Every structure is written in C-alpha cells, then in structure tokens.
Amino acid sequence: MIPTLVALPLLATFFVSLLETLRVKERKIRIVFLAGILSPWVIFIYDTSKMPLSEIVGNHAKEAGIQVSLDIYNFYFILAELILFSLVAVYSMSYFNQRSKNGKIYALLLLMHAGLLGAFISRDLFNYYIYMEVASVSSFALIGLSDEKGAKKAAYKYLAFSLVASYLFIFAIGIIYLKTGYLNVELIKDNVVISREINIALSVAFSTLILKAGIFPLHFWLPDAHSKASTPISALLSGIVVKAPIYGMLLLYVALPIEEPLLRLLRLVAFSSMLIGVILALLQKNAKRLLAYHTVSQMGYVLLGVATLNPLGVIYYAFAHTLFKGGLFLSVGTLINAQKTKNLEKLTYRHDKILMASIIMLSLAIGGISPFVGAFGKKLLLSNLSGIQRHLFYTAGIGTLVSFTKLNYYLMKPKKAAESNLTQRLLSFTVALLTLAFGVYFGLTVAYNDLFAISIAILGFLVLKKAGTLNIIIKKHFGDGIEGVGMEVNVYMTGFLLFLLLLLLQSF
C-alpha cells in the first residue's frame with residue numbers, strides 16, 4: 001500500500017494534463033487536481049495504523065528490489081507534506097486566475113507532490129534521488145511560470161546549481177554502491193566498512209544536499225527562488241521542498257557512520273547558517289526576501305540536528321518548520337496579493353484581524369516560543385548541545401525574534417489597504433492554529449521565561465532601529481543582464497567547488 005501514496009498523485013497528473021489538452025472546463029480539472037492532492041491521506045491513515053511498516057515494491061528480494069517504509073524517520077515528513085500541500089492546493093485555486101497557465105500549474109504541483117512523497121518513503125538511495133529530482137524539476141518550472149519580474153532568472157540559477165549538485169550526488173551514491181554492493185539503506189548499514197572512499201562519498205553527498213537545502217554558504221540560489229515564486233509556490237518551496245535533501249541526510253545518517261571531522265565541520269556550517277541567515281533577514285525591506293533568508297537560518301537548525309547525531313531533533317524541527325514557514329509565506333503573501341507590494345514599509349495587517357493573529361502566532365512559532373510547535377523542536381535540538389553551542393543557539397533564537405519583531409512592527413502601522421481574499425486568510429489562520437495545536441499535543445505549556453526572550457528581542461529591535469542598522473542597503477554584486485547572470489553563476493559555482501573541497505579534506 002505504501003507506493004500508492006505516490007501512484008495516486010502521478011495518476012492525477014496524467015489526467016489533469018490530458019484534460020487541459022482537451023480544453024475541458026477548469027472546474028473539472030480542479031476536481032481531479034484536488035483528488036490527486038487529497039487521496040494520499042486515505043493511504044497514509046490506513047498505513048499509519050500498521051506502523052512501523054516496510055515493503056519491497058513488486059515483492060522482489062530485498063537485495064534486488066526497492067524498499068519503501070513508514071516509520072518514525074519519515075512519519076512526520078509525510079504528515080507535514082500532506083498538511084501543507086492540502087492547504088496550499090485549496091489556496092492555489094483562489095490564487096491562480098490565468099486560464100492559460102492553470103492546467104500546467106496544477107499538473108506540476110501534482111508532480112511535485114508525488115516526487116516529495118516518493119522521496120520521503122524511500123529506503124533506497126537511488127530511488128530517493130530519482131524522486132527528489134522529480135520534485136526539483138517541478139520546482140524549477142513552477143518558479144519560471146511566475147509573473148514576477150526576475151522569476152525566470154531565479155529559476156535558471158536554481159536549475160543550474162541543483163543539476164550540478166544532482167550529478168555529484170549520484171556520483172557519491174555510485175561510490176557507496178561500489179564499496180558495499182547495495183543501494184538499500186539497511187543493507188548498506190549491514191555491509192559497510194569504513195574507508196577513505198566512503199568518507200569521500202559522504203563529503204560529496206553532504207555538500208550537494210547542503211546546496212539543495214539552501215544552507216549557508218551554499219544558499220545563493222534560495223532568496224531569489226523563494227521570493228520570486230508565486231505565493232503558494234513559495235510556501236511549498238520553503239515549507240517542504242527543502243526538507244527532501246534533509247531527509248536524504250537522515251538516510252545517510254542511518255546507512256553510514258559519520259566520523260567526527262565531518263561532523264565538526266557540519267556543526268560549524270549549521271551555526272553559520274543559523275546566524276548569518278538571521279542577519280541577512282534583518283536587513284531586508286522586501287517581505288518575501290526576509291522570509292526567504294529565514295529559511296537559510298532555519299535549515300541551519302535542522303542541519304545542526306544531523307551534525308549532533310540527533311535524528312529526533314531533525315525530524316520534529318523539520319515538521320515544525322514546515323508548518324510555521326509555510327504559514328508565514330501564505331499569510332504575508334496574502335497581504336502582498338491584496339496590496340500589490342512587497343515593501344514592508346507599505347504593507348499592513350492593521351485592518352485585518354485574522355491575518356494579524358496569524359502572523360503574530362506564526363512569528364512566535366518560528367521564534368521558539370511556547371506553547372507553539374517550534375519550541376518543541378528547539379527543545380529536542382538543545383538536548384545534544386552544551387557550552388558555547390547552547391549560547392550560539394540562544395543567540396540565533398533571539399535574532400529570529402528580533403527579525404520578526406521588525407516584521408510585525410511595520411505590519412502593525414495603520415495604512416490604507418485593500419481587503420484580502422477571505423479563503424486565503426482563513427487558510428493562513430488554519431496553519432497558525434495548527435502550530436499551536438501540535439505544540440499542545442506534544443505537551444508544551446506556556447513558559448514564562450519566554451516573556452524574557454520576547455522582551456530582549458523587542459529591546460534589541462529598538463536599539464538596532466535607533467542605530468540605523470536596519471537601514472543598511474545590500475548592494476547587488478552582479479548586473480541584471482545575461483552577462484551578469486553568467487558571472488553570478490560562475491562565481492557561486494566556484495564557491496560551491498571550494499566548499500566541496502573543504503569537506504573532502506576531512507577525509508584525508
């Protein structure tokens with residue numbers, strides 16, 4: 001039954017494409033689209049009752065077949081994917097209104113849905129790679145279909161870097177196969193012998209997954225890709241697409257022993273991403289770019305769980321991030337859709353109590369404030385930290401709260417504004433409520449020491465504002481033309497190769 005999670009969206013993709021070609025009324029296309037998005041819920045709920053569950057597709061021998069599973073390692077990844085995709089699907093139908101593009105967009109969304117589910121159920125490195133690429137290709141196309149100026153350039157950069165990362169990832173998988181004779185994660189674990197070649201494969205694989213997850217210093221494609229995409233696509237990219245490479249890191253963690261030199265470097269990368277992502281977010285006046293840079297920061301938290309050998313921290317924080325980050329893009333995007341600007345100084349939610357409540361709740365969730373679900377994920381991540389690591393972790397958390405204090409400070413100002421779409425507002429509020437509901441479900445209660453963190457964040461924001469630090473403008477280093485794009489890709493590709501070399505040096 002597990003493979004049916006993927007088969008149903010793929011089948012719906014075919015029918016949506018067919019109906020679009022035959023120019024069937026959009027109402028019927030939407031019915032098929034929704035059926036493809038929601039039908040995996042039935043399979044998921046049925047399979048959950050039998051957890052942990054594992055099967056080989058086609059009933060082949062484990063050595064020759066493709067293993068798929070449903071257990072603690074992927075349950076919350078799949079649950080997060082289904083929740084966010086279901087809400088975004090409904091949001092999309094109220095958002096997209098260009099008849100000529102809708103069929104393509106719905107088909108690509110279904111393809112992304114199938115790709116992510118396929119990646120998350122995989123226990124075979126090659127099968128995981130294939131489905132991650134299906135989701136990635138859909139992402140490139142959906143970004144390129146945006147009407148936003150610069151969207152095609154952003155899609156091209158994402159495509160260029162992601163493809164290079166994909167080639168190197170399959171190279172790393174090849175090394176693992178040559179040294180162990182298997183692609184199945186469990187069989188690799190049972191047969192692996194630590195060697196320099198295995199360490200090289202791990203270094204290459206982690207460098208590619210760090211790039212695909214948009215983690216500093218390989219984040220250069222992410223801010224444009226996430227901010228130039230249409231609002232529902234931005235929510236999916238930031239909320240769940242970047243979790244596919246994180247799940248790949250978990251598969252590597254399960255299959256292979258990761259030695260301390262590489263773990264030490266991954267911890268350094270994680271903390272750098274957490275802190276620098278926040279700093280860059282603080283300097284943004286574009287609301288969607290602010291959220292995009294917070295993805296860079298938040299993915300650092302998830303990488304930290306991998307680097308401290310804390311799989312539960314990775315799983316639960318990735319789940320929490322999917323909810324509050326997807327919700328933030330939907331909520332802020334709803335304001336942008338209605339008010340036709342991304343400039344923080346021109347946006348407002350003062351007239352809209354639903355969106356005000358949504359954005360404030362989601363801001364507290366991403367800041368790790370109890371009883372919202374983000375606090376539970378951070379609590380688990382903290383369990384494996386000590387000394388200076390804890391101080392850096394708290395610093396990044398305060399920085400996040402400062403940044404979202406800035407966001408809410410500007411949105412709170414009274415201005416004239418157009419009324420936003422009711423469906424979009426309610427869906428945004430639903431995600432905010434879910435961040436609270438899951439926090440309570442995981443046993444969180446109001447923590448009064450969080451009031452101290454909020455007070456420090458507000459004070460920090462006021463100090464930075466008074467000092468004029470938040471008015472610093474980051475200048476573009478490259479031009480907007482073809483030559484500028486080419487130079488940008490070349491420079492950042494060189495940076496990626498240097499980073500890869502740095503990781504490879506840990507193997508010697």
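The values are calculated or read from the model by the stated rules, or taken from the named source; none is laboratory data. Note that the coordinates shown come from a computational prediction; the quantities given were computed from them, not determined experimentally. Please note: Cβ atoms are built from the backbone with ideal geometry, for glycine as well, and neighbour counts cover all protein chains shown. Side chains are part of the model used for accessible areas, which takes the heavy atoms of the whole protein and leaves out ligands, DNA and RNA. Shrake-Rupley method; radii C 1.70, N 1.55, O 1.52, S 1.80 Å.
Beta carbons closer than 6 Å, at least 6 apart along the sequence or on distinct chains, pair a first residue in segment 17-39 that is under 14 Å from Val90 (Cβ atoms) with a second that is crowded, with 17+ Cβ neighbours inside 10 Å and among the β-branched types (Val, Ile, Thr) for Phe33/Val16. Pairing residues of segment 275-290 that are closer than 14 Å to Lys465 by Cα and in contact (Cβ under 8 Å) with a residue 24 or more places away in the chain with residues that are of a type in the set (Ser, Thr, Tyr) and surrounded by fewer than 23 Cβ atoms within 10 Å (Cβ to Cβ), at Cβ distances under 8 Å and at least 6 apart in sequence or on separate chains, gives Leu282/Thr469. Of all the residues in segment 170-188, those that are β-branched (Val, Ile, Thr) and touching a Ser or Thr at 6+ places or on another chain (Cβ under 8 Å) number 1. Got a number for residues in segment 259-306 being under 17 Å from the mean Cα position of the chain (by Cα), open to solvent by 20 Å² or more (accessible area, probe 1.4 Å) and of a type in the set (Lys, Arg)? Residues in segment 259-306 being under 17 Å from the mean Cα position of the chain (by Cα), open to solvent by 20 Å² or more (accessible area, probe 1.4 Å) and of a type in the set (Lys, Arg): 1 in total.
Let me confirm something: among Ile200, Ile143, Ile130, Ile170, which residue is under 18 Å from Lys104 (Cβ atoms) and in a helix (DSSP H, G or I)? Exactly one of Ile200, Ile143, Ile130, Ile170 is under 18 Å from Lys104 (Cβ atoms) and in a helix (DSSP H, G or I), namely Ile143.
Inspect all residues belonging to segment 221-230 and state whether any of them is open to solvent by 10 Å² or more (accessible area, probe 1.4 Å) and in contact with a Lys or Arg (Cβ under 9 Å, 6 or more places away or on another chain). Checked against the condition, which is being open to solvent by 10 Å² or more (accessible area, probe 1.4 Å) and in contact with a Lys or Arg (Cβ under 9 Å, 6 or more places away or on another chain), segment 221-230 yields at least one hit.
Which one is nearest to the chain's Cα centre (by Cα), of the residues in segment 1-50 that are under 14 Å from Ile105 (Cα atoms) and polar (S, T, N, Q)? This residue is Thr13. For segment 204-233, which residues satisfy the criterion of being small (Gly, Ala, Ser), in a helix (DSSP H, G or I) and modelled with pLDDT under 95? Selection gives Ala225, Ser227.
In the set (1) in contact with a strand residue (DSSP E or B) (Cβ under 6 Å, 6 or more places away or on another chain); (2) open to solvent by less than 10 Å² (accessible area, probe 1.4 Å); (3) polar (S, T, N, Q), Asn102 fails one condition alone, (1).
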